[in-house]
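One structure is given below, encoded as structure tokens.
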Amino acid sequence: MTDFNKIQETLVNLDAEGVIQLVNDAVKEGTPASDILNKGLIAGMDIVGEKMENEDMFIPEVLMAAQTMSQGVEILKPLLGEDDTSAKGSVIIGTVKGDLHDIGKNLVAMMMESAGLTVHNLGVDIAPEEFVKQIKEKNANLLCMSALLTTTMPMMKQTIDAVVESGLRDQIKIMVGGAPVTQGFADDIGADAMAPDAGSAAKKAKAIAG
Amino acid sequence: MFEVIGERINTSRKKVQAAVEEKNAEYIIDDVKKQQEAGANFIDVNAGARIGHEKEDMEWLLNTIGPITSMPLCLDSPDPAILEMAYEMVEQAPMINSISLEKDRFDTMMPFLKGKDCKIIALCMDDKGMPVSSDDIIERAQKLINELEAVGMKQDDIYIDPLVQPISTDSTKGIMVLDAVRQIKKQNPQVHITGGLSNISYGLPERKIINRTFLTLMMDAGMDSAIIDPLDSKIMAAIKTTDMLLGSDNFCMEYLKGVRSNMIKS
């Protein structure tokens, strides 16, 4: 019987070798790969995200945990089916037009991936019409936008307006973030959610689009 | 001598924004005086946070600050129209924050700078984003220096910001900037190096010790200016102490003065 808590705990403790050992053991025991992924690794990353939110863990540790998790996922990949992650959300994420900052946005994308969501990271300087096009193409149900400058924050509103105009607003949730972005601003521009850090972003994404 | 650009008059700070909204001149004057007493060499003025109000906010801030300080100001806006207005309002040649190699920014700022008596902060940013290596920073810095010199700016008026990036996401980001700064200073000894430092500690706890220690390393590499909070007495003490250790404080006079006035404590 695989002890999923042990996998989670070992991941949270950043013991990469231990995690790989436990994943291999679980596979040998015949535990379904989807369970090892969802109840072990993804559940472990959820804890990491929470700890990050509470400032019990910091970015370098979160990166190390994510790296460890992806090593575990590599072992499971050949055994996983198409539909084996519990989170079903499809996320479009990018930094708005005129803004080239990507460090925070990439952390958010990484945490969402680790949470089991399918993430399409478009990069930086993304125009409203490109966001709209990608929502359609990827059939996404969550749009995440980042802006790090007070001068580019209005572009979030313009992007939301473009989504409304395209008729896609009803099928997609919208989350915004970035250093100058506040809950008040998110409310004003008609976003569904605001996340102050990567840990809470992944949690909220799963809650509203998972 | 290290030059401190005081960053506090920025409407993205809640108290400053409130003061601007309420036209509370007293608060702004008091803050500027405190920065001056703490050793600031320039006062940065950024009125960008209240979207749609930048022009009136900048005008009010400059009218408020102008009469009470003899210090040069650092006019902080991406909008040349606002900078043009602000430039006309200040008594002393200001510092302008900033130009970069991003095409829109560059193309609008170059005509503004031509023929102006000012100092300029030049960010090593281009349309590809943040620099990814030392060479990248050096190349961008050199391009900025060459372009600015070509419109008549003196090297001594150019302040290159190499763009410090978080060490938390990549442990080589400290060395990357330090190496670049050494090289830029070697090729252009008259050019200044400035910038914010707090990005280095993004995502880590106890950020101030990281910022201070990095500042010391950056000063050794050739950084001779920074955009910081002059009321952070520990970072100001680190600057004075490092200035002394690097040989620019004869007979340790400034250091001792700092200790006697209680500004420097171990």
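Coordinate-derived values only; no laboratory data. Given the structure is predicted, the values throughout are model-derived calculations rather than measurements. Methodologically, a virtual Cβ is constructed for each residue, glycine included, from the backbone with ideal geometry; neighbour enumeration extends over all protein chains shown.
In the stretch A:90-209, what is the volume of the convex hull around the alpha carbon atoms, normalised per residue and reported in Å³?
80
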Scoring the stretch B:93-231 by relative contact order with C-alpha pairs under 8 Å, at least six apart, yields a percentage of 20
Placing one equal point scatterer on each C-alpha of the protein assembly as shown and summing with Debye, one gets log10 I(q)/I(0) at q = 0.07 Å⁻¹ equal to -0.43
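Using C-alpha positions alone, give me the convex hull volume of the stretch B:42-119 per residue in cubic angstrom.
Details: hull volume 6.7 nm³, N = 78.
Residue-normalised Cα hull volume stands at 85 Å³.
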Here, GluC sites (Glu not before Pro) of the stretch B:127-179 satisfying both criteria (DSSP loop; at most 10 other Cβ within 10 Å) are none
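So what is the calculated 222 nm ellipticity per residue for chain A, using -39500 (n - 2.57) for each DSSP H run with n of 4 or more, over all residues, to the nearest 500 deg cm²/dmol? Walk me through the numbers on the way to the answer.
On the way: 9 runs with 105 residues, N = 210.
For chain A, the value works out to -15500 deg cm²/dmol.
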Between the alpha carbon centres of the stretch B:125-139 and the stretch B:1-69 the gap in Å comes to 31
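Working from the alpha-carbon coordinates of chain B, get Rg over Rh, Rh being the Kirkwood radius. Could you put the intermediate results ahead of the total?
Values: Rg = 18.1 Å, Rh = 19.0 Å.
Using Cα coordinates only, the ratio equals 0.95.
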In nanometres, the difference between 0.36 nm per residue of separation and the alpha-carbon distance of B:ASP127 and B:ARG260 is 43.0 nm
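Based on the Kirkwood radius over alpha-carbon pairs, what is the Stokes-Einstein translational diffusion coefficient of the stretch A:19-72 at 4 °C with 1.567 mPa s viscosity, in µm²/s?
Result for D is 111 µm²/s.
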Listed residues B:MET253, B:MET95, B:MET130; largest mean-square fluctuation, Gaussian network over chain B with Cα springs below 10 Å, found at B:MET253
One finds the C-alpha centres of the stretch A:75-148 and the stretch A:1-47 to be spaced, in Å, by 25
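Evaluate the charge dipole of the stretch A:1-129 about its Cα centre and quote only its size in Debye, nearest 20, assuming +1 on the Cβ of each Lys and Arg and -1 on the Cβ of each Asp and Glu.
Values: 8 positive and 22 negative charges, 40 e Å.
With Lys and Arg at +1 and Asp and Glu at -1, about 200 debye.
Rounded to the nearest 0.05, what FRET efficiency do B:ARG207 and A:ALA207 give with R0 = 30 Å and r taken as the Cβ-Cβ distance? Could you check? Please report the intermediate quantities before stating the final value.
Working: r = 30 Å, r/R0 = 1.00.
With R0 = 30 Å, the Cβ-Cβ based efficiency is 0.50.
DSSP loop GluC sites (Glu not before Pro) in the stretch A:1-84 with at most 14 other Cβ atoms within 10 Å of their Cβ, which ones?
Details: sites: A:GLU9, A:GLU17, A:GLU29, A:GLU50, A:GLU53, A:GLU55, A:GLU61, A:GLU74, A:GLU82; in loops: A:GLU29, A:GLU55, A:GLU82.
Listed in order of number, the matching sites are A:GLU29, A:GLU55, A:GLU82.
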Here, A:GLN71 and B:ASP30, labelled 7 Å along Cα→Cβ, have an inter-label distance in nm of 5.5
Under the 7 Å Cα-to-Cβ spin-label approximation, B:ALA150 and A:LYS6 lie apart by a distance in nanometres of 6.7
Bounding extents of the stretch B:93-231 in its principal axis frame from Cα atoms, largest first in Å, are 45, 33, 26
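Could you work out the relative contact order of chain B, using alpha carbon pairs under 8 angstrom and six or more residues apart, expressed as a whole percent?
Numbers: 458 pairs, mean separation 43.7, N = 266.
Here the relative contact order equals 16 percent.
Give me D for the stretch B:175-227 in µm² s⁻¹, whole number, from Stokes-Einstein with Rh from the Kirkwood sum over alpha-carbon pairs, 20 °C and 1.002 mPa s. Mind dumping the intermediate values first?
Numbers: Rh = 11.4 Å.
Taking Rh from Cα pairs, D becomes 187 µm²/s.
In debye, nearest 20: dipole of the stretch B:93-231 around its Cα centre with unit charges on the Cβ of K, R (+) and D, E (-)?
Numbers: 16 positive and 20 negative charges, 43 e Å.
That gives a dipole near 200 debye.
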For chain A, the convex hull over Cα atoms projects on average to an area in nm² of 11.1
Dipole check, the protein assembly as shown, charges on Cβ (K,R +1; D,E -1), about Cα centroid: among B:MET1, A:THR10, B:SER261 the Cα furthest to the positive pole belongs to B:SER261
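Report the semi-axes of the equivalent ellipsoid for the stretch B:115-171 in whole Å, largest first, where each axis is √(5λ) for an eigenvalue λ of the Cα gyration tensor. Write down the numbers at each step before the final one.
Working: eigenvalues 126, 25, 15 Å².
Over the Cα atoms of the stretch B:115-171, the ellipsoid semi-axes are 25, 11, 9 Å.
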Simple SL model, points at 7 angstrom along Cα→Cβ for A:LYS138 and B:LEU231; separation in nm is 4.3
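May I ask for the percentage of alpha-carbon pairs in the stretch B:1-157 that lie more than 28 Å from each other?
The share of Cα pairs beyond 28 Å in the stretch B:1-157 comes to 23 percent.
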One computes Rg over Rh for the stretch B:1-80 from alpha-carbon atoms, with the Kirkwood Rh, and obtains 0.94
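Got the relative contact order for chain A handy, in percent, Cα pairs under 8 Å and 6 or more residues apart? Mind dumping the intermediate values first?
Working: 353 pairs, mean separation 43.4, N = 210.
Across chain A, relative contact order equals 21 percent.
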If every Lys and Arg gets +1 and every Asp and Glu gets -1 at its Cβ, then about the Cα centre the protein assembly as shown yields a dipole, in debye to the nearest 20, of 520
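Could you line up B:CYS118, B:CYS252, A:CYS144 from fewest to most neighbouring Cβ atoms inside 10 Å? Before the final figure, lay out the partial values.
Working: B:CYS118 19, B:CYS252 15, A:CYS144 28.
Ordered from fewest to most neighbouring Cβ atoms within 10 Å, B:CYS118, B:CYS252, A:CYS144 come out as B:CYS252, B:CYS118, A:CYS144.
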With a Förster distance of 30 angstrom and the Cβ-Cβ distance between B:MET110 and B:SER248, calculated FRET efficiency to the nearest 0.05 equals 0.35
Within the stretch B:40-54, the residues whose backbone N lies under 20 Å from a label point placed 7 Å from the Cα of B:ILE68 along the Cα-to-Cβ direction are B:40-48
